[in-house]
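Each remark here refers to the structure printed beneath this line.
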Amino acid sequence: MRLGLRLFLAFFLITGLTAFFVLRVFLAEVKPSVREVMEDIMVDSANLLAELAAEDLALVAQGGKLAETRLARQLQDYAKRPVDARIWGLRKQSLDLRIYVTDGQGQVLLDSGAGSAVGQDYSQWRDVALALRGEYGARTSRDVQDDERSNVMYVAAPVREPGGAGKLLGVVTVAKPMATVQRFIDRAERRILIAGLSLLLFSLAIGVTVTGWLILNVRRLRDYARRVQAGARESLPQVPGELGDLAHAMEAMRERLEGREHIEQTVRALTHELKSPLAAMRGAGELLHEELAPADRQRFAAQVVEQSERLRELVDRMLELSKLELQRGPAHPERLQLDELLLRLLAREASRIAQRGLQLRWLEREAIVVQADAEQVELALSNLLVNALDFAPSGSMLELRLWRQPGRACFALRDHGPGVPAQAWGQLGQRFFSTARPDGRGKGSGLGLAIARQVALLHGGSLDFEPAEPGLRVIFTLASPTP
């Protein structure tokens, strides 16, 4: 399973479980909270009505009838009273309180309910029984068995003789069906559920965004590592946070290992290449200790000079290549006119071109300006030109072309020499690989094309080879030419 999917699933699991338990707690608290608020209001209402009923019950205790009192008439008017109120978007069109009054023995004297309970004994009901004992009386009962929505809450308050601490005259009970507030509960639960699901979706969106951001940066580092592994030279991508710290640490470690490996490879390759000229110099030096004819002595002395010059050239080029391989881009980028640079290089080699009887033919020459390191590009083009001169037969032609492609500047140079054997194509441009020159002067250092390729890579370009039959065509490209 990929890292991004694992992170997303982990985030989804954590967020989902958290949202589930939080919503469960909230939803579980809605109904009890509404009941508690409703009961609090009913306690106030019952005690208010108990004070209002005190004088009327005192008259009943003296032989009067409660049904003929002002309280009875007011309760009848309350039951008939029309109402149309919008409570936070919900419409209320009925008055739902039921009020009944009992005497000191629990006998119902007055009842505002539809099915009147006047004359019934309510002394065993919890609300009345507790209120008659001077305690807080309340109960919840069902009007229809097993129908939770028909639960009715009852809250009772004792009625005493006017004065507040007199004889207990009876009990006033206020009742309200839970069904009347159930729609408020349903709406609250629905809103909490919608808000919770919205928050969950928002959290998941954040999770997807964070996961995507993390995976994007991880993939940038992965792609960078793959390109570096393939031999590309480029700067470390900018990655924020701990990933950036990790990237810099890994880059530092890679540079150390790469530097070590580079030194080891360079030493091994240089040691191998130095063997031939050193052996030749040693042989010539040993012979010079012998008695030789002047012509032989001159020939062996010239061989020592030639091999020492070869050693110097090899070391110089190796140092140039090593310096290039440790860079990540152009050292000193500036505006560079490629066509003018090529003309200067050709003028520098004009005497050699004339001596060899070579002809130059421009197939195309555009005026191209690039942003590049002038010294590095001059070094690369000079090596390509010298290599073509080394392999071009006397009296042959060199074909040159400088043109522009979208986002690239291209230079092609073709000689009419022997070309390269098919089995050697894969080694072209590698360090110390070279083929024999057609004039019999032996092989070169094998570093000129490697230097040109490294310069092209540092500038985002490439060095490619094509068989020309006869000869070889070398194509040197640089990225991002400036119009």
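The values are calculated or read from the model by the stated rules, or taken from the named source; none is laboratory data. Everything numeric in this text was worked out from a predicted model, so none of it was measured. With ideal geometry, Cβ positions are generated from the backbone for all residues, glycine too; neighbour counts draw on all protein chains shown. Ligands, DNA and RNA are excluded from the accessible area calculation, which covers all protein heavy atoms including side chains. Shrake-Rupley method; radii C 1.70, N 1.55, O 1.52, S 1.80 Å.
With a 1.4 Å probe and all protein chains kept in place, how much accessible area does S45 have, in Å² rounded to the nearest 10?
Accessible area, nearest 10 Å²: 40 Å².
Got a sec to turn the phi values of the range 342-355 into Karplus ³J(HN,Hα) couplings, 6.51 cos²θ - 1.76 cosθ + 1.60 with θ = phi - 60°, whole Hz, x for Gly and Pro?
The phi angles translate into 5, 5, 5, 5, 5, 5, 5, 9, 4, 5, 5, 4, 5, 4 Hz.
Per residue of the range 14-21, what does 6.51 cos²θ - 1.76 cosθ + 1.60 with θ = phi - 60° give for ³J(HN,Hα)? Whole Hz please, x for Gly and Pro, Karplus curve as stated.
Karplus-based 3J(HN,Hα) across the range 14-21 equals 5, 5, x, 5, 4, 4, 4, 5 Hz.
Give a quick list of chymotrypsin sites (Phe, Trp or Tyr not before Pro) in the range 37-107 that DSSP marks as loop, anything other than H, G, I, E or B, with at most 15 other Cβ atoms within 10 Å.
W88
Using Cα-Cα distances under 8 Å and only pairs 6 or more residues apart, what relative contact order does the range 1-126 have, in percent?
Taking the mean separation of contacting Cα pairs over the length of the range 1-126, I get 11 percent.
Provide the net charge surrounding E334, with neighbours chosen by a C-beta distance below 14 Å and charges set as Lys +1, Arg +1, Asp -1, Glu -1.
-3
Relative contact order of the range 100-196: what whole-number percent is it, with Cα pairs under 8 angstrom and at least 6 residues apart?
23
If you plug each phi of the range 373-381 into the Karplus form 6.51 cos²θ - 1.76 cosθ + 1.60 with θ = phi - 60°, what whole-Hz ³J(HN,Hα) values come out, in order, with x for Gly and Pro?
7, 4, 5, 5, 5, 4, 4, 5, 5
Taking the Cβ of V369 as the centre, find all other residues whose Cβ is under 11 Å away and add up their charges (Lys, Arg: +1; Asp, Glu: -1).
-2
List the residues, sorted by chain then number, that are 5 or more residues from R365 or on another chain and whose placed amide H is less than 5 Å from its amide H.
Answer set, sorted by chain and number: L402.
Search the structure for amide H atoms under 5 Å from the amide H of G113, placed 1.01 Å from N in the peptide plane, and list their residues when 5 or more places away or on another chain.
I99
Give, as a single signed number, the net charge of other residues whose beta carbon lies under 15 Å from the beta carbon of G134, with Lys and Arg counted +1 and Asp and Glu -1.
Result for the local shell: +1.
If you build the convex hull over the alpha carbons only and average its shadow over all orientations, what do you get for the range 68-197? Give it in nm² to one decimal.
Average of the hull's projected areas for the range 68-197 equals 10.6 nm².
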